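These notes concern the structure reproduced below.
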Amino acid sequence: MRIVVAVKHVPDIQAERGLGPDGRMVRDGGDGTLNEVDENAVEAALVVAEAAGDAEVIALTMGPDDAVDAARRALQMGAHRAVHVLDEAAAGSDALGTAHVLAAAVQRIAQDGPVDLVVTGMAATDGLTSLVPAALAAELGMASLTLAVDITVAGGRVTVRRELDHADETLRAALPALVSVSDRANEARYPNFAGIMAARTKPVTVWSLADLGVDPGSVGSAGARTRILSAAPRPAREDRVLVTDTGDAGVKLAAYLVEHKLA
Amino acid sequence: MTVLVLLDHADTGELRATAPELVALARTLGDPVEGVWVGAAPLPAQLPSGLSRVHRVAVAHDEHLAAVVSEAVAAVVDATAASAVLLAATFENKDVAARLGALHGAGVVTDADAVSLELGHVVAGKTVLAGTWTTRVEVVAPLAAVLVKAGAAEAAAPDGVPTVVEHTVAPSYVGGLVEVVERTERAGTGRPDLASAQTVIVGGRGTQGDFGPLEELADVLGAAIGATRVATDEGWIAREAQVGQTGVTVSPRLYIGAGVSGAVHHRGGMQAAGTIVAVNDDPDAPIFEIADYGVVGDLFTVLPQVTAELRRLRG
């Protein structure tokens, strides 16, 4: 069984994050990290692989030089090898452009042997669009099972449970399939020393758009179907109040709510 | 310019609260505005005013699957030559829009809180980076699919059902790839929908599992009840109440956090709220950094006092 797990390098959400004049995420802060829920995706991929026995987990990432750190983290957790799509023309891709490039990479990986399962996180903490998983599945013509909180692979089929706003669902599909994973799906393992050492020698393949046969004009800023017209930090909240309760804080808060027509 | 609105509904046919808001917003964007109703649920007796027609699409596979809904919407886009589709910003609809993007060339904007037409292009407003930045995003593709957050517009008033146009989408390869083994729709909580409520009260670790004071204040304020990841993990409240980056995103007029520390994951789901009130006995809780009105105190004392005072003021 071969499993591709897509991982993204994102600015640390604990750090100061911002947008540049072009409206794109500032990605040179140096404090990037593996997108958190992608750790759950890697964990899910490893669990499925371990249960299947003879399985290979390939971490796939796309982005500038630093992005390989995300793949490296997946390797430390236990993925076998990594693919890094690195091409300046891919910069500025919107979610659909990203999905297009990732799909081409999965298809390129599949040239060496079929890919049975593609696993992604349900969202990235930078863009938070959650569009890539379903778009990637659509591009690949694969079954799409998103937002999984529980994943079972058996008998050539994958079954996931998911919890939506208004309903709980159990979905099932024959492999190959794409699964996007919620942060509630599992507790991601922490890389141990042996894993960190082993990751240093695990292969990372670097592909350009040309290697994947992707037209540079169809992705990146050039191919984006959305354009950011303006981006500005929200003004700071003004007239902020902080009180320590000395017995009547509830009464004061009630007055504040009424005064501001909030109650 | 024809604008389509996906009319989300329960299996009973009851319209989701966001649908009338989307119709109102669509009216400001173009004309005609037409509804898309996917699946076999009965049409309600009333629909939001402003719809010229409703396209009811019969589908060959399970109508809850994003692949099936996106094929249905795409069929109506083709039939009407629509330029924009508005969808409620749910995770299911994000999958639908993603497929409209990947397979039908749509430009997609998620979590918009405003939509307008500028020089022939759809422009959406949205906040990003946990509500700390505002952006305006233009769709340059000929078809725009915009996922709109709850509360982006005043709901259109109910009206009769306009002309219904019937469509049938044939069985398809992708539509049959996924089987819905089981599906259970949850009944409402009797409170406003968390994602669209004007007032949201969230309980965190500090509640120690006792949401009683929050419930009583919610009764007075007509608020929805949410929770932090800790509170749902502890099993104090249902999973779907989780507010945060991987849970529900809320942007109510009033947010009240009770015993909420304000971890960054949680802030990502509520920081765009109009007014943020926090009650926490820890003066160092990070939520006080973003609160408009913070009370350092015991929520079990402060909240009941707020409830009682509001009741008193209302006589």
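Laboratory data are not the source of any read-out in this text; all were calculated from the coordinates shown. Please read all numbers here as calculations on a predicted model, not as lab measurements. Positions of Cβ are generated from backbone atoms using ideal geometry, with glycine treated the same way; all protein chains shown enter the neighbour counts.
Of note:
- Computed on the range B:3-176, with alpha-carbon pairs under 8 angstrom and 6+ residues apart, the relative contact order is 31 percent.
- The mean number of Cβ atoms from other chains found within 10 Å of a Cβ in peptide B:68-79 is 0, as a whole number.
- Cα gyration tensor category, rounded, prolate or oblate, for the range A:2-223 with a/c compared to 1.5: rounded
- Ranked B:Ser196, A:Ser180, criterion: other C-beta atoms within 10 Å, fewest first: B:Ser196, A:Ser180
- Size of electric dipole in the range A:161-204: Cβ of Lys, Arg +1 and of Asp, Glu -1, about Cα centre, debye, nearest 20: 400 debye
- ³J(HN,Hα) computed for each position of the range A:169-175 - Karplus, 6.51 cos²θ - 1.76 cosθ + 1.60, integer Hz, glycine/proline x: 9, 10, 10, 9, 8, 6, 6
- Label-point gap, in nm, between A:Gln111 and A:Arg189 - each point 7 angstrom along Cα→Cβ: 3.2 nm
- Chain B: most fluctuating residue of B:Ala98, B:Ala152, B:Ala141 per GNM, C-alpha cutoff 10 Å: B:Ala141
- Angle between chain B longest axis and helix B:91-104 axis [Cα atoms, degrees, rounded to 10]: 30 degrees
- Cα-based shape type of the range B:1-91, given that a ≥ b ≥ c are square roots of the gyration tensor eigenvalues and the cut on a/c is 1.5: oblate
- Equivalent-ellipsoid semi-axes for chain B (Cα gyration tensor, √(5λ), whole Å, largest first): 37, 20, 19.
- Cα Rg over Rh - the range B:3-176, Kirkwood: 0.94
- Distance between the C-alpha centres of the range B:1-27 and the range A:171-242: 31 Å, rounded to the whole angstrom.
- For chain A, the longest principal axis of the C-alpha atoms and the axis of helix A:68-77 are separated by about 80°.
- Whole-number percent relative contact order across chain B, with pairs defined as alpha carbons under 8 Å at least 6 apart: 15 percent
- Of all aspartates and glutamates in the structure, the ones whose alpha carbon falls short of 12 Å from that of B:Lys126, not counting any fewer than 8 places away in one chain, are B:Asp111, B:Asp113, B:Glu138.
- Counting only Cβ charges, +1 for Lys and Arg and -1 for Asp and Glu, the dipole size of the protein assembly as shown around its Cα centre is about 440 debye.
- Among beta bridges that DSSP assigns inside chain B, antiparallel share in %, nearest 5: 25 percent
- Convex hull per residue volume in Å³, alpha carbons only, for the range B:157-277: 177 Å³
- Rounded to 10°, Cα long-axis angle of helix B:66-80 versus longest principal axis of chain B: 50 degrees
- Relative contact order [Cα under 8 Å, 6+ residues apart], chain A, whole percent: 24 percent
- The charge dipole of chain A, taken about its Cα centre with unit charges on the Cβ of Lys, Arg, Asp and Glu (plus for the first two, minus for the last two), comes to roughly 260 debye.
- For the range B:201-262 and the range B:120-197, distance of Cα centres in Å: 24 Å
- Bridges between two residues of the range B:3-176, per DSSP, are antiparallel at a rate of about 35%.
- What the pair-distance distribution of the range A:77-177 shows, using all Cα-Cα distances binned every 5 Å from zero, is 2, 11, 19, 22, 23, 14, 6, 3, 0 percent.
- Scattering from the range B:94-192 was approximated by placing one identical point on each alpha carbon and applying the Debye formula without solvent; log10 I(q)/I(0) at 0.11, 0.12, 0.21, 0.24 1/Å stands at -0.56, -0.67, -1.18, -1.19.
- Other residues with beta-carbon under 9 Å from the beta-carbon of A:Ala70 carry, at +1 per Lys or Arg and -1 per Asp or Glu, a net charge of 0.
- Net charge over other residues, Cβ less than 15 angstrom from the Cβ of B:Ser172 (K, R count +1; D, E count -1): -4
- Test item: B:130-139 mean partner chain Cβ contacts at 10 Å: 6
- Three-way shape label, the protein assembly as shown, alpha-carbon gyration tensor, a/c 1.5: oblate
- Antiparallel %, DSSP beta bridges [both residues in the protein assembly as shown], to 5: 35 percent
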